[in-house]
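The values are calculated or read from the model by the stated rules, or taken from the named source; none is laboratory data. Just so we're clear, the structure is a prediction, and the values are computed from it rather than from any experiment. Methodologically, a virtual Cβ is constructed for each residue, glycine included, from the backbone with ideal geometry; neighbour enumeration extends over all protein chains shown. To get the accessible areas, we keep the full protein, side chains included, count just its heavy atoms, and leave off ligands, DNA and RNA. Shrake-Rupley method; radii C 1.70, N 1.55, O 1.52, S 1.80 Å.
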Amino acid sequence: MDVLSDVLAVLRTGRPFAARFSLNAPFADHRRSHPHGFGVQVMVRGDAFVTTEDGEVIEVREGDVLVTPRGSAHTVVSDSLGAQPVTECEDETPAGLIVRSADDPDASHVMVCLAYDLAPGRAHPLLGAMPDFTRIPADPAARPGLAGAIAMLETELRAERGGGDTLVPALLDAVLMYLLRAVLEGNDRHCGFDGWAAALTDRSIGAAVQAIHAEPARQWTVSSLGEVAGLSRSAFSRRFTELVGQPPLSYLTFWRLTLAARLLADTDAPLAAVARQVGYASEFAFAAAFKRDFGQPPGRFRKRAPACDPAVPAFQREAVPV
C-alpha cells in the first residue's frame with residue numbers, strides 16, 4: 001500500500017457520506033462544524049460564495065472544488081450579498097450514505113458534497129498540514145482524472161440505478177485520491193499544502209516515509225532509514241524532522257500505534273499478534289506504548305472502540321432562508 005492510500009484507509013472511520021443538492025438562488029446553505037470530518041464540495045453548476053466563521057469570503061466558481069479537512073463550519077451563499085449574517089433553521093440532512101436530489105435541469109445551482117469521518121485524536125500530519133479551506137480551481141485539461149471521477153460520481157448520485165451503494169463509495173475514494181494528488185504534484189502546490197506534503201514529494205524523505213509505511217514492523221533505526229533516504233544519519237534526522245514535524249522514530253511509533261488501533265477496532269486478532277504485526281517484540285512493550293499514546297490499555301480500547309454506524313451521517317447541513 002502507498003502512503004496516500006494508507007492515510008485514507010487507516011484514519012477514516014464509519015461510512016462515507018455523499019450528497020447531491022439542486023438549489024435555486026437566492027439561498028444560503030449552512031454547514032455545521034464537524035471537527036473530525038474531512039469534507040469536499042464540488043460546484044457542479046453555478047457560482048457561489050463561501051463565508052467562514054472568521055468572516056473570510058471565498059468565491060467558488062462552476063467546476064471548482066472546496067476542501068475542508070477539519071470540517072470547519074461555513075455557509076454557502078448564492079451571491080455576495082448573502083454573505084451577510086443570516087438566520088439559521090434546524091433542518092438537517094437525512095441520515096444515510098447517499099442523498100440524492102431530484103434532477104432539476106432548471107436549478108440555478110447544483111452541488112455535490114462528500115465527507116469522511118476521521119478517527120478522533122489521530123490526525124495524520126498530511127491532513128494537519130492542510131489549511132481549513134482550500135479552493136481547487138476547475139481545470140479539466142490539467143486534471144482529467146479528477147474531472148472524470150467527479151462527473152461519474154455526480155451521474156451516480158443523480159441516477160436511481162442498482163449498484164449505487166457500491167459505486168458511490170468507490171468513486172468518492174477516487175475523487176479524494178485525485179484531489180490529494182492535485183495538491184501534492186506539479187503546479188498545484190500553490191494551494192497551500194506544505195509541511196508533511198513537502199516530505200512526501202521530497203525524493204529522500206519521501207523514500208523513508210514510504211519505507212515506514214511499507215514495512216511498519218521492521219526494526220527501523222535512524223541509520224537504516226537514512227540509508228533508504230541516501231543521507232547521512234544526522235542530515236536525514238534533521239531533514240525528516242524539519243519536513244514531517246517530528247523525528248523519524250517518533251513518526252514510526254505514531255504510525256505503528258495508528259495501525260494497531262485500526263487492527264484492534266476491526267479485527268479479533270490476539271493482542272500478541274497485533275503487537276508483532278506493528279513491530280513490537282512483546283505484548284507488554286506494545287501495551288505500554290499504546291497506553292502512553294491513547295491513555296488506555298489496548299484491551300480496554302478494543303472494548304470501547306465504536307462500531308461503524310451507518311445511521312449516523314458524517315455531514316450535517318442546514319437550509320438557511322435568505
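Per the listing Glu62, Glu53, the residue uniquely without any contact (Cβ under 8 Å) to a residue 40 or more places away in the chain and surrounded by fewer than 21 Cβ atoms within 10 Å (Cβ to Cβ) is Glu53.
Checked against the criterion of being modelled with pLDDT under 95, surrounded by 13 or more Cβ atoms within 10 Å (Cβ to Cβ) and at positive phi, the range 297-304 contains not a single residue that satisfies it.
Can you name every residue in the range 19-47 that is closer than 17 Å to Ile58 by Cα and touching a Cys at 6+ places or on another chain (Cβ under 6 Å)? Correct list: Gln41 only.
Restricting attention to the range 238-273, and to residues there that are of a type in the set (Asp, Glu) and more than 18 Å from Ala119 (Cβ to Cβ), which single residue is nearest to the chain's Cα centre (by Cα)? Filtering the range 238-273 for residues that are of a type in the set (Asp, Glu) and more than 18 Å from Ala119 (Cβ to Cβ), the one nearest to the chain's Cα centre (by Cα) comes out as Glu242. Might you check whether a residue that is acidic (Asp, Glu), in a helix (DSSP H, G or I) and open to solvent by 20 Å² or more (accessible area, probe 1.4 Å) occurs anywhere in the range 210-223? Taking every residue of the range 210-223 in turn, none turns out to be acidic (Asp, Glu), in a helix (DSSP H, G or I) and open to solvent by 20 Å² or more (accessible area, probe 1.4 Å).
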